[in-house]
Amino acid sequence: MNSIMVTGGAGYIGSHVVQQLRERGERVVVIDNLTSGFRDAVRDAELVVGDVGDRLLVERVLTEHKVNAVLHFAAHTVVPESVRDPLKYYGNNTCNTRSLLASCAATGVRRLLFSSTAAVYGMPASGIADEDTPLQPINPYGMSKLMSETMLRDLGAAGAMDYVILRYFNVAGCDPHGRIGQSTPNATLLLKVACEHAVGKRPSLSIFGTDYDTPDGTGIRDYIHVEDLAAAHLRALDHLRADGESLTLNCGYGHGYSVREVIDAVQRVSGAALNVIEQPRRAGDPPMLIAHADRLRQRLGWEPRHDNLDFIVRTAMDWERKLAAQTSP
Ligand code: UDP
């Protein structure tokens, strides 16, 4: 029987996808160098600790496990860090993807799902991006992902690879059963930071920008529950297995919430009164970024199951409480 190789399967999104794959009985092998992933996040699959750019290792895993599809999540994902250290991002995200693609070619793997990002759109004027919106990343993280997308499109055109590129908007929430979650240290993402503050790990929470041209002056994003995002990957895999054509798909719900709405939800769900500090805008933040996400529904028959901000927050809070209980003396 063939296996699926998941790169970055010990990370936040990858581990949720691995869990869903295993729940439906797929054979899965994870490769992760554990620089930002966690061994414990891989609960029910073989974990190979190593680098996606290590061709010898990757090709051995692909061959020994009879892999016929790769799901590629391994990447650095912190936008401000990518601005400070672009080569780290081009090295790990772009060059290592190139190496992985070469390993796929060398071992006959022709199906790949790629974890991309709304950051490839940069700051679209309307605040709503469909898949044909111009690709104008404004930071090295977004560019490193776009360069990988470009390689995939070129390989597809050459008839060498079938792929689905999934462009994530703001992924949030955790496994509703609390088995895995988002454990990233030094988090910068709004919901994670807010939950850390709610459990007392941080003294306050900043709002970056209260003077945007939005109804309450704060930034608006399209938050998608990680379980819905993971389900989209399983459908994308099925699509490729059924010899479907290569696709590029936005992953979001098609509507957004402001920073204040997210903070209100965290206060509601956690019962904590948050200490909120209003700060100036953060460089490079668009006022609004929402997915036009019809293509995902139309092409893969995907429907969201958790399109509910309080549910997203509840699952994130439950995980944060679990982490806090583990680390408290
Ligand atoms: N944000 C904020 N305080 C924080 C982190 C984020 O006000 O501590 C805002 C940010 O300006 C943006 C939204 O929350 O409007 C989502 O930011 P995040 O970093 O979570 O994701 P991004 O959309 O930048 O990928």
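The values are calculated or read from the model by the stated rules, or taken from the named source; none is laboratory data. Keep in mind it's a predicted model, so treat the numbers as computed, not measured. Cβ placement follows ideal geometry from the backbone for every residue including glycine, while neighbour counts extend to all protein chains displayed. To get the accessible areas, we keep the full protein, side chains included, count just its heavy atoms, and leave off ligands, DNA and RNA. Shrake-Rupley method; radii C 1.70, N 1.55, O 1.52, S 1.80 Å.
Would you pick out the residues in the range 9-23 that are open to solvent by 10 Å² or more (accessible area, probe 1.4 Å), in contact (Cβ under 8 Å) with a residue 24 or more places away in the chain and out of contact with any Leu (no Cβ under 7 Å at 6 or more places or on another chain)? Correct list: 11, 12, 19. Of note, residue 298 does not satisfy the criterion of being among the polar types (S, T, N, Q), surrounded by 15 or more Cβ atoms within 10 Å (Cβ to Cβ), assigned to a helix (DSSP H, G or I) and at pLDDT 95 or above. Here the range 160-172 is the region considered, the condition is being away from the ligand (no atom under 12 Å from the Cβ) and in a loop (DSSP other than H, G, I, E, B), and the residue that is farthest from residue 119 (Cα to Cα) is 160.
Of the candidates 175, 154, 211, the single residue that is within 16 Å of the ligand (Cβ to nearest atom) and either outside any strand (DSSP E or B) or open to solvent by 20 Å² or more (accessible area, probe 1.4 Å) (or both) is 211. For the range 266-280, the set of residues classified as away from the ligand (no atom under 13 Å from the Cβ) and surrounded by 14 or more Cβ atoms within 10 Å (Cβ to Cβ) consists of 267, 269, 270, 272, listed by residue number.
One residue stands out in the range 281-295 among those that are away from the ligand (no atom under 12 Å from the Cβ) and in a loop (DSSP other than H, G, I, E, B): the one that is farthest from residue 218 (Cα to Cα), namely 293.
Each row is one residue, and each column tells you yes or no for (1) assigned to a strand (DSSP E or B); (2) not aliphatic (A, V, I, L, M).
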| site | (1), (2) |
| --- | --- |
| 215 | no, yes |
| 218 | no, yes |
| 234 | no, no |
| 239 | no, yes |
| 244 | no, yes |
| 250 | yes, yes |
| 255 | no, yes |
| 263 | no, no |
| 269 | no, no |
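Output the residue which, of all residues in the range 76-120 that are within 16 Å of the ligand (Cβ to nearest atom), of a type in the set (A, V, I, L, M) and under 22 Å from residue 249 (Cβ atoms), is modelled with the lowest pLDDT. Looking at the filtered set, the residue picked out is 79. On the stretch given as the range 115-130, residues that are in contact with a helix residue (DSSP H, G or I) (Cβ under 6 Å, 6 or more places away or on another chain) and either polar (S, T, N, Q) or open to solvent by less than 20 Å² (accessible area, probe 1.4 Å) (or both) total 4. The one condition from (1) part of a strand (DSSP E or B); (2) in contact with a Phe, Trp or Tyr (Cβ under 8 Å, 6 or more places away or on another chain) that residue 17 does not meet is (1). Scanning the range 117-151 for residues that are in a strand (DSSP E or B) and among the small types (Gly, Ala, Ser) yields one hit, 129. Just one residue in the set 299, 305, 268 is touching a helix residue (DSSP H, G or I) at 6+ places or on another chain (Cβ under 8 Å) and over 27 Å from residue 178 (Cα atoms); that residue is 299. For the range 218-234, the candidate set comprises residues that are out of contact with any helix residue (DSSP H, G or I) (no Cβ under 7 Å at 6 or more places or on another chain) and within 11 Å of the ligand (Cβ to nearest atom); within that set, the residue that is least open to solvent (accessible area, probe 1.4 Å) is 222. So which residues in the range 73-82 are more than 13 Å from residue 18 (Cβ to Cβ) and outside any helix (DSSP H, G or I), if there are any at all? Within the range 73-82, 75, 76, 77, 78 meet the criteria. Could you give me the residue pairs with C-beta distances under 6 Å whose first residue belongs to the range 206-234 and is touching a residue at least 40 places away in the same chain (Cβ under 8 Å) and among the aromatic types (Phe, Trp, Tyr), whose second residue is surrounded by fewer than 20 Cβ atoms within 10 Å (Cβ to Cβ) and assigned to a strand (DSSP E or B) wherever it lies, and which are 6+ apart or on separate chains? Partner pairs satisfying both residue conditions: 208/279. Among residues belonging to the range 179-202 that are open to solvent by less than 20 Å² (accessible area, probe 1.4 Å) and assigned to a loop (DSSP other than H, G, I, E, B), point out the one that is farthest from residue 233 (Cα to Cα). Per the stated criteria, the residue is 187.
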